[in-house]
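Okay, so here's the structure we're looking at.
Please treat every number below as a calculation from the coordinates, not as lab data. The model shown is predicted, which means the values in this text are computed figures rather than measured ones. Cβ atoms come from the backbone with ideal geometry, glycine included; neighbour counts cover every protein chain shown.
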Amino acid sequence: MLDDAAPGTDRPLAGRANFLLSQLGFHVAQTFAARLAPLGIAPNHFGLLMHLERNEGTTQQQLADALGIHRKVMVGLLDDLEHRDLVERRRHPRDRRAHAIHLTETSRKLLPRARWVADQHEGEILTPLDAGERARLVTVLQRLAEHTGSPAGVHPGLHQAAARLRHPDDSSGAR
């Protein structure tokens with residue numbers, strides 16, 4: 001039991017939840033990115049497009065607020081998606097100073113394929129678990145994410161993209 005272990009106890013890495021989560025997270029992130037790459041998107045694009053699909057027509061500012069990203073960084077992310085013909089900015093119908101963000105026909109065709117990739121990937125990762133174990137795992141992971149302050153449904157890669165946009169001269173990867 002983890003509670004019984006004294007601080008500094010020499011537990012093997014395979015018995016440490018933090019190591020196992022890191023190991024699994026790295027594997028899942030790498031394989032998911034590799035599976036999405038042929039579609040021309042990364043996991044952070046997928047997350048942003050999925051959010052936008054449910055909130056189409058929202059302003060850049062509302063989108064930035066919902067995802068916890070600085071508005072200037074959101075502009076850069078949307079520039080990237082617009083360059084890929086996945087989103088388009090339109091003048092907001094009630095606020096001429098604002099832009100409403102909409103999916104393009106390209107993204108409407110891409111999202112079902114991307115969801116299929118995500119579903120296949122998740123199914124393969126969770127193959128050893130039965131339906132009940134899968135449901136319990138998702139519940140536990142949601143609780144852990146909430147405990148760490150991770151916003152529900154927001155991919156951390158959006159924040160990494162934000163950091164790259166804030167520090168474009170830093171090629172070392174250090175933040």
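How big is the charge dipole of the stretch 12-166 about its Cα centre, in debye rounded to the nearest 20, if each Lys and Arg gets +1 on its Cβ and each Asp and Glu gets -1 on its Cβ? Before the final figure, lay out each step's value.
Numbers: 21 positive and 16 negative charges, 103 e Å.
In debye, rounded to 20, the stretch 12-166 gives about 500.
Enumerate by residue number the GluC sites (Glu not before Pro) in the stretch 1-82 meeting two conditions: DSSP loop (anything except H, G, I, E, B), and at most 13 other Cβ atoms within 10 Å of the site's Cβ.
Listed in order of number, the matching sites are 56.
Each of 50, 74 was scored by other Cβ atoms within 10 Å of its Cβ. Listed from fewest to most, they are 50, 74.
Here the relative contact order of the stretch 1-111, from alpha carbon pairs under 8 Å that lie six or more residues apart, stands at 22 percent. 3J(HN,Hα) along the stretch 120-127: 4, 4, 4, x, 5, 5, 9, 3 Hz, from the Karplus curve 6.51 cos²θ - 1.76 cosθ + 1.60 with θ = phi - 60°, whole Hz, x for Gly and Pro. Amide hydrogen proximity for residue 92: with H placed 1.01 Å from N in the peptide plane, the residues at 5 or more positions away or on another chain lying under 5 Å are 98, 99, 100. Between amide H atoms placed 1.01 Å from N, distances below 5 Å from residue 87 occur with 82, 104, all of them 5 or more places distant or on a separate chain.
Give the average over all directions of the projected area of the C-alpha convex hull of the stretch 51-163, one decimal, in nm². List each step's numbers first, then the result.
Values: hull surface 33.8 nm².
Value for the stretch 51-163: 8.4 nm².
With R₀ fixed at 35 Å, the C-beta to C-beta distance from residue 108 to residue 30 puts the FRET efficiency at about 0.80.
By counting other Cβ atoms within 10 Å of each Cβ, how are 150, 22 ranked from fewest to most?
Values: 150 15, 22 12.
Starting with the residue having the fewest Cβ neighbours, the order is 22, 150.
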